[in-house]
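Heads up, the thing below is written out as structure tokens.
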Amino acid sequence: MGFELDTNAKYNLAKSLTELAIQNNLISKYANSADTAKEVSKFFDTVFATVGESESTD
């Protein structure tokens, strides 16, 4: 069972986790900054879309 977060809470959590991922080199960096930005965006979007969801392990 998941929990509900409002949009602002989801945004702030995704932002914080993305910042931590960048600081800890968990997001791929490319020579082309546009490609790096795409990776950062993909990470942020994934966190934002999935935070609060849960998977059943039944």
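The values are calculated or read from the model by the stated rules, or taken from the named source; none is laboratory data. Given the structure is predicted, the values throughout are model-derived calculations rather than measurements. Surface areas here come from the heavy atoms of the whole protein model, side chains and all, with no ligands, DNA or RNA. Shrake-Rupley method; radii C 1.70, N 1.55, O 1.52, S 1.80 Å.
Annotations
- Look at [x] 4.8; [y] 4.4; [z] 7.1: the one that is mean projected area of the Cα convex hull in nm² derived from this structure is [x].
- Per atom type, the chain shows carbon and sulfur on 52% of its accessible surface, probed at 1.4 Å.
- Once the 1.4 Å probe is applied to the protein heavy atoms, the range 1-55 comes out at 78 Å² accessible per residue.
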